[in-house]
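Asker: There's a structure below that I have some questions on.
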Amino acid sequence: MPVDSVSVVTSVLETPADTNDQADAADAADAADAADAAEAAEAAEAASGSDPTASTWWRQAVVYQIYPRSFADGNGDGVGDLRGIISRVDHLRRLGVDAVWLSPFYPSALADGGYDVDDYRAVAPELGSLDDIDTLVGELHRTGIKVIVDIVPNHTSNRHAWFREAVAAAPGSAARRRYVIRRGRGADGAEPPTDWTSYFGGPAWEPLGDGDWYLHLFAPEQPDLNWADEEVRADFLKTLRFWADRGVDGFRVDVAQLLVKDASVISGLDGSLPTQAQLSAGGFADGEHPFQDRDEVHDIYRSWRAVFNEYDPPRMAVAEAWVPAHRRVRFASAEELGQAFNFDLLQTEWVAGAFRKVIDDNLALAREAEASSTWVLSNHDMVRHATRYALPNGTDLVAWLRDGGTDPAPDVARGLRRARAATLLALALPGSAYLYQGEELGLPEVTDLPAEVLQDPTFFRSGGAEKGRDGCRVPIPWRESGESFGFGSGSAHLPQPAWFGRYAMERELADPASTLRFYIAALAARRSLLAAEELTWRESPSDVVAFERPGGWVSVTNFGETGIPLPEGRVVIASEPLTGDEIPPETTVWLHTTKASA
Ligand code: NOJ
Ligand code: CA
């Protein structure tokens, strides 16, 4: 398992020129341009489906990712929960998102932050109940917000009823066939079948004590399912219907590329499988890796599509598929999941040309798949973008985090300035935008969590060589002071640093120049300008990214360190205050113009 190819780990504005209140500015702009906006919105709906009742609602949706254990704690036990989310629906409404994606809320021992699922059709008792889910879905729907849930099909947890059964059953039994289990090497099967290492570090095989070994591409508590088993396939269809019947609008599919293993992984002869060195060297022809991105995986998603299409509107899905770009198209096709994450911006440095290339490449792929593109700057697996951009290009994030996150010292103000500019740029792109809780506050990564509070298996399995992802999962600050900064009435399950209060939601809401007010204004402006999924590049200097969307929406980002002339048009919003006729360094501006240049 070449960790390098699927690194799941880590690896401050305001206002448009003429007013101090961006939300008001967006409103004023809307009013001034109501006719244009209405026309553009109509065109967008017709072309791309921003209409929540349309089957294509997701194509240009703004989706807000909630990591439930760290969003809001309703009962003060330190762990975020469904009641907490319900109490904050207002925040989501005010922010103006179209959908919420809930990271796993299923029963779990949290060996991997909930991505180790004990039961796919239940709610973790510490997070709430199925009734709470129904209430949450109902509240969100009443507010016009769709709901996407996380499905984790590659592996169950080791507490799942099936795995317990497999452990108790005999080699060769049906219970063992649900997992990727094979005999160990040597006469008594005492040696692991291969020397493969898991993505979180350490061996990928664990003994069952009778000569059989099970594969876990992630933590030992996450045994891989055997998708050649019909019962496994049928059970997931049941799970999809279970949630769709409850009104859930879509599914985010965890590590969608890994489900199918070559038959030889389970039943091949000893020595017939590649070594870890061979896996790491790569060079497999498309579809021929023993467990990554095999062609047969698409049969599964075609059968899922049939289920999605039983509903009206059809349920949507988005694949987390770590595959080469040209292989992503199939996951995203309308016959399969319909959309696939593009993580390229998560890995793109602060370089205008790199952004342009990522945009071009992904729009071309989306066209090929007839899907809409996706844009992601932060999520629960990556160093937050306000922190990435606070570091010089080329910084090795894994080493930087491991060494305490101080060398080089992050330039916090610059990180936030660039983060806001990148966000505004991404929100202007055709396709859907996935936001991660806390980024609307400009929240940086927490880099100094002491080893004794860390939860991420990456930290433990790498022997501390990787610090892991806890730093982007620290509970959200809602109030400037008080117990857990308003996250709940008890102390948070991951400690929040003293400076968290500066980013508190209430404080930012009261400050017209805050990042939160900037996000609110940006999402409102996006809604009014939303246009068909087309982009036309504008001629621009090498450190500028400038493009137009249909209907006169123009986005210009100055990646450079000196100001550039402000193009013609009405300023709708800017990621930094504008003075005079310049776009300041590291700033994005949206303009509305009736004069298209191309
Ligand atoms: C991807 C998820 O985003 C990550 O958090 C998780 O650790 C792995 N898949 C394994 O489920
Ligand atoms: Ca709680």
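The values are calculated or read from the model by the stated rules, or taken from the named source; none is laboratory data. Treat the numbers as computed from the prediction; the structure is a model and nothing was measured. Neighbour counts are summed over all protein chains in view; Cβ atoms, including those assigned to glycine, are modelled from backbone coordinates with ideal geometry. With ligands, DNA and RNA removed, areas are computed over all heavy atoms of the protein, side chains included. Shrake-Rupley method; radii C 1.70, N 1.55, O 1.52, S 1.80 Å.
Asker: Residue check: is LEU535 farther than 21 Å from GLY415 by Cβ, hydrophobic (A, V, I, L, M, F, W, C) and modelled with pLDDT of 95 or more?
Answerer: Values: farther than 21 Å from GLY415 by Cβ: yes; hydrophobic (A, V, I, L, M, F, W, C): yes; modelled with pLDDT of 95 or more: yes.
Against the criterion (farther than 21 Å from GLY415 by Cβ, hydrophobic (A, V, I, L, M, F, W, C) and modelled with pLDDT of 95 or more), LEU535 qualifies.
Asker: Hey, another quick one. Of the residues that sit in the stretch 74-89 and are small (Gly, Ala, Ser) and surrounded by 24 or more Cβ atoms within 10 Å (Cβ to Cβ), which one is nearest to ligand 1 (Cβ to nearest atom)?
Answerer: My answer is GLY80.
Asker: Yes or no: GLU480 more than 16 Å from ligand 2 (Cβ to nearest atom), within 22 Å of SER198 (Cβ to Cβ) and in contact with a Lys or Arg (Cβ under 9 Å, 6 or more places away or on another chain)?
Answerer: For GLU480, the condition - more than 16 Å from ligand 2 (Cβ to nearest atom), within 22 Å of SER198 (Cβ to Cβ) and in contact with a Lys or Arg (Cβ under 9 Å, 6 or more places away or on another chain) - is not met.
Asker: Just to be sure I understand, how many residues within the stretch 515-559 are of a type in the set (S, T, N, Q) and in contact with a Gly (Cβ under 8 Å, 6 or more places away or on another chain)?
Answerer: Adding up the residues that qualify gives 2.
Asker: Then there is this: Check whether at least one residue in the stretch 285-295 is in a loop (DSSP other than H, G, I, E, B), of a type outside the set (S, T, N, Q), away from ligand 2 (no atom under 16 Å from the Cβ) and at positive phi, and report yes or no.
Answerer: Checked against the condition, which is being in a loop (DSSP other than H, G, I, E, B), of a type outside the set (S, T, N, Q), away from ligand 2 (no atom under 16 Å from the Cβ) and at positive phi, the stretch 285-295 yields at least one hit.
Asker: Could I ask something else about it? Looking at (1) in a helix (DSSP H, G or I); (2) closer than 19 Å to ARG177 by Cβ; (3) open to solvent by 20 Å² or more (accessible area, probe 1.4 Å), can you tell me which one ALA277 breaks?
Answerer: Condition (2) is where ALA277 drops out.
Asker: Could we say that ARG384 is crowded, with 18+ Cβ neighbours inside 10 Å, touching a Ser or Thr at 6+ places or on another chain (Cβ under 6 Å) and basic (Lys, Arg) here?
Answerer: When the stated conditions are applied, ARG384 passes them.
Asker: Still on this model: Do you know which of the residues in the stretch 455-486 that are among the β-branched types (Val, Ile, Thr) and touching a helix residue (DSSP H, G or I) at 6+ places or on another chain (Cβ under 7 Å) is farthest from LEU217 (Cα to Cα)?
Answerer: Going through the qualifying residues, I end up with ILE476.
Asker: Do we find a residue being at pLDDT 95 or above, over 19 Å from GLY80 (Cβ atoms) and part of a helix (DSSP H, G or I) anywhere in the stretch 479-497?
Answerer: No; the residues of the stretch 479-497 include none that is at pLDDT 95 or above, over 19 Å from GLY80 (Cβ atoms) and part of a helix (DSSP H, G or I).
Asker: Looking only at the stretch 90-121, which residues are in contact with a Leu (Cβ under 7 Å, 6 or more places away or on another chain) and either within 16 Å of ligand 2 (Cβ to nearest atom) or open to solvent by 10 Å² or more (accessible area, probe 1.4 Å) (or both)?
Answerer: Matches in the stretch 90-121: GLY96, PHE105.
Asker: Mind checking which pairs have a first residue in the stretch 400-415 that is polar (S, T, N, Q) and a second that is surrounded by 14 or more Cβ atoms within 10 Å (Cβ to Cβ) and part of a helix (DSSP H, G or I), Cβ under 9 Å, 6 or more apart or different chains?
Answerer: Taking only residues 6 or more apart or on different chains, the pairs are THR406/TRP400.
Asker: Within the stretch 165-185, does at least one residue satisfy the condition of being within 16 Å of ligand 2 (Cβ to nearest atom), within 29 Å of GLY468 (Cβ to Cβ) and open to solvent by less than 10 Å² (accessible area, probe 1.4 Å)?
Answerer: no
Asker: Here's something else I'd like to know. Which fully enclosed strands (runs of 3 or more DSSP E) of the stretch 545-597 have 2 or more residues being touching a strand residue (DSSP E or B) at 6+ places or on another chain (Cβ under 9 Å) and open to solvent by 10 Å² or more (accessible area, probe 1.4 Å)?
Answerer: By residue number, 570-574.
Asker: Does at least one position in the stretch 319-338 carry a residue that is assigned to a strand (DSSP E or B), touching a helix residue (DSSP H, G or I) at 6+ places or on another chain (Cβ under 9 Å) and surrounded by 21 or more Cβ atoms within 10 Å (Cβ to Cβ)?
Answerer: For the stretch 319-338, residues assigned to a strand (DSSP E or B), touching a helix residue (DSSP H, G or I) at 6+ places or on another chain (Cβ under 9 Å) and surrounded by 21 or more Cβ atoms within 10 Å (Cβ to Cβ): present.
Asker: Of all residues in the stretch 462-493, count the ones that are farther than 17 Å from GLY404 by Cα, open to solvent by less than 10 Å² (accessible area, probe 1.4 Å) and of a type in the set (A, V, I, L, M, F, W, C).
Answerer: Number satisfying all stated conditions: 3.
Asker: Please pick out the residue among ASP361, ASP407, ASP396, ASP411 that is of a type in the set (Asp, Glu) and either within 24 Å of ARG330 (Cα to Cα) or at pLDDT below 95 (or both).
Answerer: ASP361
Asker: Among the residues of the stretch 263-273, is any surrounded by 15 or more Cβ atoms within 10 Å (Cβ to Cβ) and under 28 Å from the mean Cα position of the chain (by Cα)?
Answerer: There is no residue in the stretch 263-273 that is surrounded by 15 or more Cβ atoms within 10 Å (Cβ to Cβ) and under 28 Å from the mean Cα position of the chain (by Cα).
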